[in-house]
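A.B. asks: First the structure, then my questions, so here it is.
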Amino acid sequence: MNILLIGSGGREHALAWKMRQSSLCTQLYIAPGNAGTAIVGENLPVKADDLAGIIHACREKKIDLVVVGPEVPLVAGLRDHLERQPDLGHLLMVGPGQSGARLEGSKDFSKHFMERHNIPTAKARTFTEADLAEGLSYLDHCLLPIVLKADGLAAGKGVIICQTHEEAKSTLKDMLSNHLFGEASARVLVEEFLSGIELSVFVLTDGESYVLLPEAKDYKRIGEMDQGPNTGGMGAVSPVPFADVAFMEKVRSRIIVPTLKGLQAESIPYRGFIFFGLINVNGNPMVIEYNARMGDPETEAVIPRIKSDLVELLVACAKGNLKDSHIEISPETAVTVMMVSGGYPGDYAKGKLISGLSDAPGALLFHAGTRHAAAGILTDGGRVLAATGQGSRIDTARQAAYQALAAISFEQAYFRRDIGVDLLSVEKS
Ligand code: AMP
Ligand code: GLY
């Protein structure tokens, strides 16, 4: 079958790399892709948020299956647009429609959804500019730190954790009245702070049945020891040692199953990935957020552990046949380390020549922000490359990832050297 994958990051290179290995995959197109996806498929010059361009590509390339990587086209209603095209009725798609993508697209919606279905999450109240005064006096009664969240999509930047009441008040004003995150902060959630280790759990669901993918831990801060500002993610480890059978059973019964039942009860169809951003609060999983897609860089650690044919699973998802599907997962550990541009997550330069890409054996290299040029492969984003090492333990997988990165360089390249270190002592001997 002809497959169109939407997106251009490390997540998409990992998905494309895995889909290419399937005997079901005839042509693989990536829109717009990067220099890495061009190795395993054909990039199309269509942006991920260009819904008309994607529909045109589906016709022109006779696409059978569309797989959506990032959230923006999902929240914008790509599925709904495709379903309205009479000549594209045969098209299979992995990724929810606009109603399901609200799990990610509106934190106010997802918070109320969790409350309606008794899914454990932090307590929160939502305020708009019209009730700013009420919001400010509500903050006086909140325990510190206080979490403020923009309701809409804010490219991972919409959460601010305030250490004082004064900071919370001025931030709430900035978000609601000064439109700090534009339309995304027209509504703001004031949320209770939860303390614990975070992990990301993923399912592929057809709305009724699901397969559980490997879980992962993401490293969000730019600096080692989790210092400095948040990024899209600087590395990932899968499996997560504390996510043992007992913990994952709680995740299943308290979170995954009630979420799917909740979607059914509210007549929200859902065929695609659900990413549960969880936090382990004294052994009990609570939901920090839902995403309607896979995580990045978690995907670069999760996908290499899947032994089953990914395209078979995606087709079963898109057709609503997942109840007959099984997934086989490697017990090996995968450690992914992101190499980023100097300055990221603030301003950074693009267009730096990357050297050593072919001298990095022993690990998988997934491109994130890269592009081809006459001179070679150039940096083209904040997050540039993900190296995934695999091994029987975290330390061996770490070594493989770091050895690969040692061979690669570009001006002002940076990566965290401590990915997975915090888990070494938790890992069972
Ligand atoms: P989100 O965009 O919702 O994933 O939030 C970004 C990050 O903010 C999360 O990964 C957490 O580290 C942090 N965060 C969000 N909500 C909370 C909360 N209620 N308590 C503690 N940390 C939070
Ligand atoms: N790594 C977190 C995310 O993809 O949102």
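The values are calculated or read from the model by the stated rules, or taken from the named source; none is laboratory data. Because the structure is predicted, anything quoted here is derived from the model rather than measured. Cβ coordinates were reconstructed from backbone atoms using ideal geometry, including for glycine residues, and neighbour counts include every protein chain displayed.
A.B. asks: Within the stretch 227-249, track down each residue that is surrounded by fewer than 15 Cβ atoms within 10 Å (Cβ to Cβ) and either closer than 16 Å to Gly277 by Cβ or touching a strand residue (DSSP E or B) at 6+ places or on another chain (Cβ under 7 Å) (or both).
C.D. replies: Gln227, Gly228, Pro229
A.B. asks: Cβ-Cβ distance below 9 Å, separation of 6 or more or different chains: which pairs start in the stretch 214-230 with a residue that is on the phi > 0 side of the Ramachandran plot and end on one that is within 11 Å of ligand 1 (Cβ to nearest atom) and among the hydroxyl-bearing types (Ser, Thr, Tyr)?
C.D. replies: Asp226/Tyr219
A.B. asks: Helices (runs of 4 or more DSSP H) wholly in the stretch 241-308 with at least 1 residues that are more than 28 Å from Gly9 (Cα to Cα) - which ones?
C.D. replies: Fully inside the stretch 241-308 and qualifying: 245-250, 257-265.
A.B. asks: Provide a single number: the residues in the stretch 206-222 that are more than 14 Å from ligand 1 (Cβ to nearest atom) and touching a strand residue (DSSP E or B) at 6+ places or on another chain (Cβ under 6 Å).
C.D. replies: Count: 6.
A.B. asks: Okay, next question. Could you please find all residues in the stretch 250-294 being of a type in the set (Gly, Ala, Ser) and touching a strand residue (DSSP E or B) at 6+ places or on another chain (Cβ under 9 Å)?
C.D. replies: Answer for the stretch 250-294, where residues must be of a type in the set (Gly, Ala, Ser) and touching a strand residue (DSSP E or B) at 6+ places or on another chain (Cβ under 9 Å): Gly272, Gly277, Ala292.
A.B. asks: Output the qualifying pairs, or none if there are none: Cβ atoms under 9 angstrom, residues six or more apart or on different chains, first residue in the stretch 302-320 and at positive phi, second residue in a loop (DSSP other than H, G, I, E, B).
C.D. replies: Gly320/Asp206; Gly320/Gly207; Gly320/Glu208; Gly320/Ser209; Gly320/Arg271
A.B. asks: Now a separate question. Hey, among the residues in the stretch 205-225 that are within 14 Å of ligand 2 (Cβ to nearest atom) and over 24 Å from Pro331 (Cβ atoms), which one's nearest to the chain's Cα centre (by Cα)?
C.D. replies: In this case the residue turns out to be Lys220.
A.B. asks: For residues that are within 16 Å of ligand 2 (Cβ to nearest atom), buried (at least 17 other Cβ atoms within 10 Å of the Cβ) and not basic (Lys, Arg), tally how many sit in the stretch 133-157. Can you show your working first?
C.D. replies: We begin by selecting, within the stretch 133-157, every residue within 16 Å of ligand 2 (Cβ to nearest atom); these are 149-150, 152-157.
From what's left, buried (at least 17 other Cβ atoms within 10 Å of the Cβ): 149-150, 152-154.
With the extra rule that they be not basic (Lys, Arg), the set shrinks to 150, 152-154.
Of the residues in that region, 4 qualify.
A.B. asks: Any residue in the stretch 271-283 that is on the phi > 0 side of the Ramachandran plot sitting within a Cβ distance under 8 Å of a residue that is of a type in the set (Ser, Thr, Tyr) and crowded, with 17+ Cβ neighbours inside 10 Å? List the pairs, counting only those 6 or more apart or interchain.
C.D. replies: Gly272/Thr205
A.B. asks: Out of Thr205, Thr126, report the one residue that is in contact (Cβ under 8 Å) with a residue 60 or more places away in the chain and buried (at least 21 other Cβ atoms within 10 Å of the Cβ).
C.D. replies: Thr205
A.B. asks: Looking at Phe202, Phe193, can you tell me which residue is closer than 30 Å to Phe242 by Cβ, among the aromatic types (Phe, Trp, Tyr) and within 16 Å of ligand 2 (Cβ to nearest atom)? Even if it seems obvious, please write down each step before you answer.
C.D. replies: Working: Phe193 fails: within 16 Å of ligand 2 (Cβ to nearest atom).
Step by step, each of Phe202, Phe193 is checked, and only Phe202 is closer than 30 Å to Phe242 by Cβ, among the aromatic types (Phe, Trp, Tyr) and within 16 Å of ligand 2 (Cβ to nearest atom).
A.B. asks: Here's something else I'd like to know. Name every residue in the stretch 90-105 that is within 21 Å of the chain's Cα centre (by Cα) and either farther than 28 Å from Leu172 by Cβ or away from ligand 2 (no atom under 16 Å from the Cβ) (or both), in order of residue number. Before you say what the answer is, go through the steps one by one.
C.D. replies: Narrowing the stretch 90-105 to residues within 21 Å of the chain's Cα centre (by Cα): 93-105.
Selection gives Met93, Val94, Gly95, Pro96, Gly97, Gln98, Ser99, Gly100, Arg102.
A.B. asks: Which numbered condition trips up Lys107, out of (1) buried (at least 20 other Cβ atoms within 10 Å of the Cβ); (2) over 30 Å from Arg383 (Cβ atoms)?
C.D. replies: (2)
A.B. asks: Identify all residues within the stretch 261-279 that are surrounded by fewer than 20 Cβ atoms within 10 Å (Cβ to Cβ) and either more than 27 Å from Gly391 (Cα to Cα) or more than 16 Å from ligand 1 (Cβ to nearest atom) (or both); write none if there are none.
C.D. replies: Step one: of the stretch 261-279, the residues surrounded by fewer than 20 Cβ atoms within 10 Å (Cβ to Cβ) are 261-262, 264-269, 277, 279.
Within the stretch 261-279, Lys261, Gly262, Gln264, Ala265, Glu266, Ser267, Ile268, Pro269 meet the criteria.
A.B. asks: Of everything in the stretch 280-296, what is more than 13 Å from ligand 1 (Cβ to nearest atom) and closer than 20 Å to Glu192 by Cβ? Give them in sequence order.
C.D. replies: Selection gives Asn282, Gly283, Asn284, Pro285.
A.B. asks: Follow-up. Mind telling me which of the residues Val188, Val237 ends up being within 16 Å of ligand 1 (Cβ to nearest atom), on the phi < 0 side of the Ramachandran plot and at pLDDT below 95? Spell out the reasoning first.
C.D. replies: On the way: Val237 fails: at pLDDT below 95.
Result: Val188 is the single residue among Val188, Val237 that is within 16 Å of ligand 1 (Cβ to nearest atom), on the phi < 0 side of the Ramachandran plot and at pLDDT below 95.
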